[in-house]
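Worksheet for the structure shown next.
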Amino acid sequence: MAEAGSEREMSFWEHLDVLRGTLFRAIGAICLCSVLGFIFKDFLFDGLVLAPSRPDFITYRVLGWSLSMQLINVEVSAQFFVHLKAAFAVGVIVAFPYVVWELWRFLAPALYEREKRPVRTAFTMSTGLFYLGVVVGYFIVLPVCLQFFMNYTVSETVANTITIGSYMSMFFSMVLLIGIAFEFPTVVLVLNRLGVLSRAMLRKGRRYAVVAVLVISALITPADPFSMFVLAFPLYFLYELSILLCSKSAESPEAGE
């Protein structure tokens, strides 16, 4: 990709070729890490994925909660495809820093010099925010939701016996999607430095942000009020963090023109 403001501009097909290489390397890294997740099945499930379903999980021990969950399988191929999905999720999580680096390599030549430093900072910050979201989802949101749903019954005659597919669906939503949702400050910081968003715009948009946060929380969680609000609080905190990040910008978008 040609440098922003340089004399020679790359053609559409040259841009497409560079993008194809970026996507190929990023997908290759995810697939490679997914293979490792597929090979180490025992550690993946017994050590990580299924840990929040057991009563000795650290969150329950710290909070003094009791959790009784029995996972079952009712479909012939379900466990195999659950293994594939879990391995893919591990591949995305482990390869995330490399994927971000590839995206930065693709976008950097299109930026002016005054834009590169803050955007580079945003991309660097994105990895930490993603892993923070994964940790919040794994150790806080998922256990809280499991604790609530497993102890909620409409009648004592109805037992909560959970399928592995249902558990994994909640696991992916609570962990992987929350990690992605935590990228919001990164997007805001990039748009702020490119002159698209300002601190004043974010402050004026607080009322709309509350609605947007609730909608996003409803889409990620099982859409019940309890789990939705559990996720909504950290997401709105990220919105306020985004305002602080914009306020620390070194100069206005017009500076340096």
Yes or no: L177 crowded, with 17+ Cβ neighbours inside 10 Å, in contact (Cβ under 8 Å) with a residue 24 or more places away in the chain and within 19 Å of V136 (Cβ to Cβ)? yes
Residue ID - surrounded by the fewest Cβ atoms within 10 Å (Cβ to Cβ), chosen from residues in the stretch 53-86 that are under 18 Å from Y152 (Cβ atoms) and hydrophobic (A, V, I, L, M, F, W, C): L63
Check off (1) surrounded by 15 or more Cβ atoms within 10 Å (Cβ to Cβ); (2) small (G, A, S); (3) more than 11 Å from the chain's Cα centre (by Cα) for S155 and give me the number that stays unchecked. (1)
Between E102, E113, which is surrounded by fewer than 17 Cβ atoms within 10 Å (Cβ to Cβ), on the phi < 0 side of the Ramachandran plot and not β-branched (V, I, T)? E113
Mind checking which residues of the stretch 45-104 are charged (D, E, K, R) and under 27 Å from A26 (Cβ atoms)? K85, E102
Which residue, of R206, R199, is surrounded by 15 or more Cβ atoms within 10 Å (Cβ to Cβ), over 20 Å from the mean Cα position of the chain (by Cα) and more than 22 Å from S53 (Cβ to Cβ)? R199
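Per-residue answers, yes or no, for (1) under 30 Å from L50 (Cβ atoms); (2) in contact (Cβ under 8 Å) with a residue 60 or more places away in the chain:
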| site | (1), (2) |
| --- | --- |
| V100 | yes, no |
| L103 | no, yes |
| L111 | no, yes |
| M125 | no, yes |
| F130 | yes, no |
| V134 | yes, no |
| V144 | yes, yes |
Are any residues in the stretch 185-203 among the hydrophobic types (A, V, I, L, M, F, W, C), over 18 Å from L235 (Cβ atoms) and modelled with pLDDT under 85, and if so, which ones? V190, L194, V196
One residue is enough: does the stretch 101-119 have a residue meeting the conditions under 27 Å from S217 (Cβ atoms), out of contact with any strand residue (DSSP E or B) (no Cβ under 6 Å at 6 or more places or on another chain) and modelled with pLDDT under 85? no
In the stretch 47-75, the residues that are in a helix (DSSP H, G or I), closer than 14 Å to V90 by Cα and not β-branched (V, I, T): G47, L48
Candidates F182, F233, F229, filtered to the one that is modelled with pLDDT of 90 or more and either surrounded by 15 or more Cβ atoms within 10 Å (Cβ to Cβ) or among the aromatic types (F, W, Y) (or both): F182
Go through the stretch 116-149 and report how many residues are more than 21 Å from the chain's Cα centre (by Cα), surrounded by fewer than 17 Cβ atoms within 10 Å (Cβ to Cβ) and not charged (D, E, K, R). 1
Hey, V230 touching a residue at least 24 places away in the same chain (Cβ under 8 Å), more than 17 Å from the chain's Cα centre (by Cα) and either part of a helix (DSSP H, G or I) or under 21 Å from I243 (Cβ atoms) (or both) or not: no
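The values are calculated or read from the model by the stated rules, or taken from the named source; none is laboratory data. Predicted, not measured: the structure shown is a model, and the values here were computed from it. Glycine also receives a Cβ, built like all others from the backbone with ideal geometry; neighbour counts cover every protein chain displayed.
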